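Notes to accompany the following structure.
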Amino acid sequence: MDTDTLIERLSEDAAPVRRLPAPWLRALLWLLPGLAIIAAVVVAVKGLFDPRMVLADHRMVIEEAATLVTAVTAALAAFQSTVPGASRRWLWVPLAPLAVWLASVGQGCIDDYIRLGMAGLAVRFDGGCMLPMVLIGFVPTIMIVVMLRRGAPLAPRLTLALAGLAVAALANFGLILFHTGDVSIMVLVWHFGLVMVASAVAAALGPRVLGWRHRASNA
Amino acid sequence: MKAAQDGDHAAYRTLLGEVTPVVRRAVKGRHPFLSADDVEDLVQDVLLSLHSVRATFDSRRPFLPWLMAITHNRIVDAARRYSRRAAREVTVAEYPETSDAAQTNRINDDYRDPEALRQAVADLPKGQRVAVELLKLREMSLKEAAVISGMSVAALKVASHRATKALRVALRARD
């Protein structure tokens, strides 16, 4: 087909499209249902959630804030990365809250070591936190993938890595609310580790999940 | 572009028409060694990509950076595809032999008896004989043979098929 014919066909095919909202608005639209789910889970297991315990622990407040900010900025960066010509500086922003989170957990590990000795650094498997994490993460995962597919897959691996980071950080934010009292090494290995794994797996799946749509029909 | 997002076909056609030379220039600038066909392929890829993500354009932002981001992305992708293919495939002047010469040299027993074959062809009905002579012996295309023989392409196909069958029978009977 020559290019003029293609232009003709495309212009005939040009149905009206709904403009995508700004990335920050999309990030907000994604975040709200996730927070609602977390609230619902917290209410459902209210026996385990003690706001005084969360607020009393200074380090925990920082950790929670850092996780939530990581989730928001990662989602924002993911949406930003699907807009052609948008500034790419945003893509680095999630690293800052992520570093704060990591530093806070690291500080916790050191505290635990001083307090408990080697016992404070013992890692054991804790399957209990997996189920609520999956429950919290399920809907945001589906949502962010569907929303991202409406954008341009300019850097699918990076976009999905950021999306994975956003979802896992949000799930962590919810989890810590009613999963208090863990030693920091557990948080570091299981929670932070899971965030990294989720991000890496998402990055690997990037090109399969997000791709130029005309490829399929054109190939 | 804003009008195009709202479904204005004429505006969209004008836009794509104006965008195409810009994209073509960008592609040629990046890969001056590409053939005209390859350049056009890439330009069309960009247009299709632009079309599929036209919802991402925000009319409050400038158009050109949006367009060039898509163009750049497609050019880089194409280069990646090209290098991946180049790494997998090898261009050779001559295909390597897959079996030794003794097996491939079958001149002596391929047409066991050329005279018998000639006789069998001569014995065919006229239509079939003409089909074999033009299509098989003189290796003409169906269209050329149709012009010369005055037969239709369909008739030539049928005649050639029947001739092959008849020759097979005749030569097998002789063996």
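A few points about this structure:
Rundown of residues vs (1) in a loop (DSSP other than H, G, I, E, B); (2) without any contact (Cβ under 8 Å) to a residue 12 or more places away in the chain; (3) within 24 Å of the chain's Cα centre (by Cα), yes/no style:
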position	(1), (2), (3)
A:THR82	yes, no, yes
A:ALA86	yes, no, yes
A:LEU98	no, no, yes
A:SER104	no, no, yes
A:ASP111	no, no, no
A:ARG115	no, yes, no
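- Residue match in segment A:24-42 (condition: in a loop (DSSP other than H, G, I, E, B) and either within 30 Å of B:LEU15 (Cβ to Cβ) or among the hydrophobic types (A, V, I, L, M, F, W, C) (or both)): no
- Search result, residues across segment B:33-42 that are more than 11 Å from chain A (Cβ to nearest Cβ) and open to solvent by less than 60 Å² (accessible area, probe 1.4 Å): B:LEU34, B:SER35
- All positions within segment B:43-94 that are assigned to a helix (DSSP H, G or I), within 9 Å of chain A (Cβ to nearest Cβ) and among the aromatic types (Phe, Trp, Tyr): B:PHE63, B:TRP66
- A Cβ distance below 6 Å, combined with a sequence gap of six or more or placement on separate chains, defines the contacts here; from segment A:137-163, residues that are within 11 Å of chain B (Cβ to nearest Cβ) and more than 23 Å from A:ARG19 (Cβ to Cβ) reach no residue that is assigned to a helix (DSSP H, G or I) and charged (D, E, K, R).
- Residues within segment B:149-173 that are more than 27 Å from the chain's Cα centre (by Cα) and assigned to a helix (DSSP H, G or I), tallied: 14
- Looking across A:ARG124, A:ARG115, A:ARG19, A:ARG88, one residue alone is modelled with pLDDT under 85, under 25 Å from A:PRO153 (Cβ atoms) and open to solvent by 60 Å² or more (accessible area, probe 1.4 Å). It is A:ARG88.
Matching residues to (1) within 21 Å of A:TRP30 (Cα to Cα); (2) surrounded by 14 or more Cβ atoms within 10 Å (Cβ to Cβ); (3) modelled with pLDDT of 85 or more:
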site: A:ILE62; (1), (2), (3): no, yes, yes
site: A:THR67; (1), (2), (3): yes, yes, yes
site: A:THR70; (1), (2), (3): yes, yes, yes
site: A:GLN80; (1), (2), (3): yes, yes, yes
site: A:ILE136; (1), (2), (3): yes, yes, no
site: A:THR141; (1), (2), (3): yes, yes, yes
site: A:MET147; (1), (2), (3): yes, yes, yes
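- Segment B:125-146 residues that are part of a helix (DSSP H, G or I), paired with ones that are open to solvent by 70 Å² or more (accessible area, probe 1.4 Å) (beta carbon under 6 Å, 6 or more apart): B:GLN128/B:ARG162
- Hits in segment B:1-32 - residues which are more than 19 Å from B:ASN73 (Cα to Cα) and either in contact (Cβ under 8 Å) with a residue 40 or more places away in the chain or more than 7 Å from chain A (Cβ to nearest Cβ) (or both): B:MET1, B:LYS2, B:ALA3, B:ALA4, B:GLN5, B:ASP8, B:ALA10, B:ALA11, B:THR14, B:LEU15, B:GLU18
The values are calculated or read from the model by the stated rules, or taken from the named source; none is laboratory data. Because the structure is a prediction, the values reported are computed rather than measured. Every residue, glycine among them, receives a Cβ derived from its backbone with ideal geometry; neighbour counts consider all protein chains shown. Areas reflect the complete protein model, heavy atoms only, side chains present, ligands, DNA and RNA absent. Shrake-Rupley method; radii C 1.70, N 1.55, O 1.52, S 1.80 Å.
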